[in-house]
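Every number in this text was worked out from the coordinates using simple rules, so none of it is lab data. Nothing here was measured: the structure is a model prediction, and the numbers come from that model. Quick reminder, even Gly has a Cβ in these numbers, built from the backbone with ideal geometry, and neighbours come from all protein chains shown.
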Amino acid sequence: MAPAKGRWSKATAFAGRNGVLIAFVLLVAFMVGTTSTFGTYQNLINVLQQNSIIGIIACGMTFAIVLGGFDLSVGSVTALASVVGATLMIDLGTVGIPIGIVGALAACLIVGAANGWLIAWLGVNPFVATLGTMTVVRGLIYVATNASPRFGVPYAFTTVGLGRLFGIPNPALIFLVVALLLGFVLHRTRFGHYVYAVGGNPAASARMGLKVARVRFAVYVLASGCAAVSGIILIGQTASATPQAALGYELTAIAAVIVGGAPLGGGRGRMAGTIVGVFLLGVVANGLNLFGVSPFWQPVATGLILIAAVAFDGFSKRGGFSSG
Amino acid sequence: MTDAAESAPEAILRARGINKNFGAVVALENVSFAIPKGEIIGLVGDNGAGKSTLVKIISGVLTPDSGMIEFEGKQVMFASPAEARAGGIETVYQDLALAPNLAVWANVYLGRELTRGPKMMHVLDKRAMVANTDKMLKRFIRNVPPIDESVELLSGGQRQVVAIARAGAWGSKLILMDEPTAALGVAETKAVEEVIFELKRQGLTVLIISHNLDQIFRITSGVWVLRRGRAIGYRETARTRPEEIVLMITGAPTIAGTG
């Protein structure tokens, strides 16, 4: 009786820790088993191509959520990078490519600095601060562009969005580099450690001499930086300045991070979890598509997965049905 | 005002004429007192007597409006808790002391992390910190909690023991404690008190705020009483009784003279 119970509780503990990963593996197995198309090279490349932009945003979002906040402005910031970068490239031609990249990054980092300043030093709630900048930035983009896209980005730049290296889409390679780099920063460096400390107990962190405001500021600049990278890749995919780009990406990124095991309360979460979360949502979207389900069902699926993941997390923390 | 403790040559900390107002509210009025070196000293008083304000001034959280503080014979004025800590004064709070999501070793090293490799990257040297934490805590604690466990999985008593041992391990000379056992049960309080005794045995000085007079009489060798922002007096614990301290706290006329 006792050993069986021990084995059972060990199994549930393992499932509790790795629930998302198990769900992801089961989902992939199901897709491979029930469709002939899912496992093909072309489809897997599609999944990578479609989820890299959200994935990069989600990497930055992981920092914000572990810190105990989040960043609603990243969708608008992605569009800002796309519009600023593409406009410079269109107007200046091929020489405008590096200028466009630098300009896009600079514009986005200014928004990130504004978020960080509002949250870290003025003490504005992250929801309010980033909802504000999200709306302001999107509005300014519409004012500046009259809400209409512009085309004519130099063809060479589409390599960034559509090209491949060793058969892997360049956006996926950039996502891989960003994820590895930021995973290292979050889990191995002192700065990442401080993000966890501030997310866990800001008052104790301040008492132990941590520069809490600086950590918060840096995290929001980083989140905007990730959105900038995504926006630059987007230029490479669309070859245009797109004011309506990345609408709602902030919520998809937050959903991916939460599904990946980082609760909104802060102090917890792993970069690897975020990556699994991104691809779990991505494979579900891809699966609906392969089964011929209307794309309108996709947000329904995302929402249900989000709720199920959080409910399962709470359930396994309470230790199952009995002690609920 | 010629209390024994104030004129004692062996005081680790001396304060003279401390005043602190919050707007129209007088929090501390001409407070002079001293903490004898190497002892556990109590600080008692009713709610609003100014105990926490005094501790915050000593630990650099607040600056007094006037007055001076001498620490180890040198005049000091700490502008922040970090400065006080660098000077050898550490504070242990009832709560807010540890980050619950971090492991024991990470809390012990919070703000003082060891890093390795290229200097700019600040890569954490977890192995060294885990190994050192074990040694540091063993100096003060008999049953060291699991170093790699999140603090939130420890009991309240274990957490407080870790917080106190952390203060001692970092070479503090004076440790201020604001109600360190207020939230703890009997057995856990005993474990915390054992660590406080261990600090004294190793030559550190402890100033402890407590509402629990039993505890004050159990662990301190002297006690300061504050009332409505004034330092009413100092008593050696061995030469007073709880009844006298209660009278001093509540403001009824004191029976005994100064020691």
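Remarks
- For the listed residue pairs B:K173/B:K200; B:K37/B:K173; A:K10/B:K135; B:K119/B:K173; B:K37/B:K138, the alpha carbons are over 20 angstrom apart in A:K10/B:K135; B:K119/B:K173; B:K37/B:K138.
- Each 10 Å bin, from zero up to the one with the longest distance, holds this percent of the alpha carbon pairs of region A:178-321: 10, 31, 34, 19, 5, 0.
- Of A:F312, A:Y196, A:Y155, farthest towards positive along the dipole that unit charges on Lys, Arg, Asp, Glu beta carbons give region A:37-314: A:Y196
- Start at zero, step by 5 Å, and the Cα-Cα distances of region A:14-92 spread as 3, 11, 12, 15, 17, 15, 12, 9, 4, 2, 0, 0 percent across the bins.
- Dipole of the protein assembly as shown [Lys/Arg +1, Asp/Glu -1 at C-beta], most positive-end residue of A:L182, A:I22, B:I57: A:I22
- Region A:121-237: radius of gyration over Cα atoms, expressed as a fraction of 2.2 N^0.38 Å: 1.38
- Over chain B, dividing the summed -39,500 (n - 2.57) contributions of all DSSP H runs of at least 4 residues by the number of residues returns a 222 nm mean residue ellipticity of -9000 deg cm²/dmol.
- Mean projected area in nm² (Cα convex hull; one quarter of hull surface) for region B:161-259: 6.9
- For region B:119-168 versus region B:177-236, the inter-centroid distance based on Cα atoms is 23 Å.
- Chain B: angle of helix B:126-138 to the longest principal axis, Cα-based, in degrees nearest 10: 40
- Charge sum, other residues only, whose C-beta stays under 9 Å from A:A262's C-beta, Lys/Arg counted +1 and Asp/Glu -1: +2
- Taking the three principal axes of the alpha carbon atoms in chain B, the coordinate ranges are 62, 39, 35 Å, sorted in descending order.
- Tail beyond 33 Å, pair distance distribution of the protein assembly as shown (Cα, percent): 55
- At 1.567 mPa s and 4 °C, Stokes D of region A:67-149 from Kirkwood alpha-carbon radius, µm² per second: 97
- Rounded to the nearest 10 degrees, the inclination of helix A:126-145 to the longest alpha-carbon principal axis of chain A is 30 degrees.
- Chain B: most fluctuating residue of B:G88, B:G157, B:G117 per GNM, C-alpha cutoff 10 Å: B:G117
- Taking region A:7-109 and dividing mean pair separation by its residue count, relative contact order in percent (alpha carbons under 8 Å, at least six apart): 14
- Taking only the Cα atoms of region A:37-314, the ratio Rg/Rh comes out at 0.97, with Rh defined as the Kirkwood radius.
- From its DSSP helices (H runs of at least four residues, each -39,500 (n - 2.57)), chain A gives a residue-normalised ellipticity at 222 nm of -25000 deg cm²/dmol.
- Normalising by residue count, region B:53-207 has a Cα convex hull of 125 Å³ per residue.
- The long axis of helix A:74-92 is offset from the longest Cα principal axis of chain A by roughly 30 degrees.
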